[in-house]
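Heads up, the thing below is written out as structure tokens.
Computed from the coordinates by the stated procedures, all read-outs in this text should not be read as laboratory data. Everything numeric here is computed off the predicted structure, so don't read it as measured data. Every residue, glycine as well, gets a Cβ built from its backbone with ideal geometry; the counts of neighbours run over all protein chains shown.
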Amino acid sequence: MERSIIEELDKIAKYGEDKREYELELTMLVRGEKDWASLERELTDILNSSSDEDVRYVAFYGLNILYRNIRNYDKLMRLIDKTYGGFYQKYKNRKSFDHLYALYELDYETWYNYDDIVGRTYNDALRFADNAGYVHTFADVFATICEKGGLEEKRKFLDDWADKALFMAEKAIELDGDYAKYYCTKARILSVKGDHGGAKQNIIKAIALEDSSRADYPLRLSKYQYYKLLIESNERFERLEKYTGFKIDENAIPNNIERVSIYDGDEPYVFVSYAHKDAEKVYGLIRLLQDKGLRVWCDCGIECKSEFAARIENRIEKASAFILMLSPAATCSQWVRRELSYAINKHDNLCGVGNGSFIPTGVQISPTELLNGMKLQLHPYNQIMQYTMSDEDFANKIVNDHKECVKNNDRRGY
């Protein structure tokens, strides 16, 4: 008998969207379907046409799982993100939506405010304490922030959240002790807490437990191996710091690079986002723009303290234009991606700032393949291939495109 997907979605809806069975049954449905293109069409049709709102939401949930499984984050972004016309406004008040959105943010690293995503996922873990998926998501968020954030963020979150995160990782294992990923997350948390021995034991357990019959088994195994290497690296760095007193900060700007002055007033200015690995190149371009009278702000000179994110947030909100200096390093920088996401999310608010409208511009300072969603994010906006131009032609174009940010014959300092 041919399967009726409507009947299956209706059955899943009856579990209740905050129940673990709801997500597990839907995940099994998605992974059990070999023709994912056909499943996508069916779920999309149901989402757009079913008269049963709960069934429509199950279809929406299923599409989220499908796109995450096939790693199609462009479609996932269009489905769920409010910036791209997704279903955010329609479903944001559903009980399980925040969990779904947090999973999207984790996969795509689109969050900007650490406190926001940690607080939301922790509240969900408390509200749905018998759902291993919700409990684990909070632990995963904490581990990811510690791995991706700077040293100051790591210290802050260790103080505020480490014990809670470890408790939730262990709670997830208690609820579902056969799920390999939970042991991996526990290992990551133990590593940032300094228990590298316990971390290695748990990552080995995750590798041993992973289901080899899963279609994504090689991918999952490679991630566990990656985290195993990361744990071993953390252990070595900790020993180095202990015995030499030398602190390693991969995001630091080298001391031998001359900093630039920045405009810190209230007149229209350009916000420049860049990877710190590109600082020498970017600062040279900024000086050219400043020589032509352009008001420019970048994060040069900000101390990496707890106010760092708030300071960047404030300057993006008040900027008249946003220039992203693109390079392979920039596409891999979590800070750059967060700044871009925040700028685009604030687009409506930024349009009225200064004497002009908000203009996001991508500037390729070296040949760059746009990764991690940047291709979709920058698609509607202007891109400049700076590496194909003379520095003078580049500076003239930027200044001409952002005339509202040029000083009007006054020589006030930056």
Out of residues 5 or more away from residue 87 or on other chains, whose amide H comes under 5 Å of its own, with H placed 1.01 Å from N in the peptide plane? 80, 81
Phi angles of the stretch 15-24, converted by Karplus (6.51 cos²θ - 1.76 cosθ + 1.60, θ = phi - 60°) into ³J(HN,Hα) in whole Hz with x for Gly and Pro, give 5, x, 5, 8, 8, 4, 4, 4, 6, 5
For the stretch 198-237, average projected area of the Cα convex hull in nm²: 2.5
If you plug each phi of the stretch 37-44 into the Karplus form 6.51 cos²θ - 1.76 cosθ + 1.60 with θ = phi - 60°, what whole-Hz ³J(HN,Hα) values come out, in order, with x for Gly and Pro? 5, 5, 4, 4, 4, 4, 5, 5
Of 77, 63, 24, which is farthest towards the positive pole of the stretch 24-148's charge dipole, taken about the Cα centre with +1 and -1 on the beta-carbons of Lys, Arg and Asp, Glu respectively? 77
Taking a quarter of the surface of the Cα convex hull of the stretch 51-203, what do you get in nm²? 9.5
Sequence neighbours fewer than 8 away in the same chain don't count; with that in mind, list the lysines whose C-alpha is under 23 Å from residue 228. 148, 154, 164, 171, 181, 186, 193, 200, 205, 242, 247
Pull up the cross-link candidates among the lysines for residue 375, meaning alpha carbon to alpha carbon under 16 Å and not fewer than 8 places away within one chain. 75
Amide H of residue 382: which non-local residues (sequence gap of 5 or more, or other chain) have their own amide H closer than 5 Å, using H built in the peptide plane? 362
Could you rank the peptides 398-404, 161-167, 335-341, 131-137 by their average count of other C-beta atoms within 10 Å per residue, with the highest value first? 131-137, 335-341, 161-167, 398-404
Using a ≥ b ≥ c from the Cα gyration tensor of the stretch 1-82 (square roots of the eigenvalues), is it rounded, prolate or oblate, where a/c under 1.5 gives rounded and otherwise the larger of a/b and b/c decides, a/b for prolate? rounded
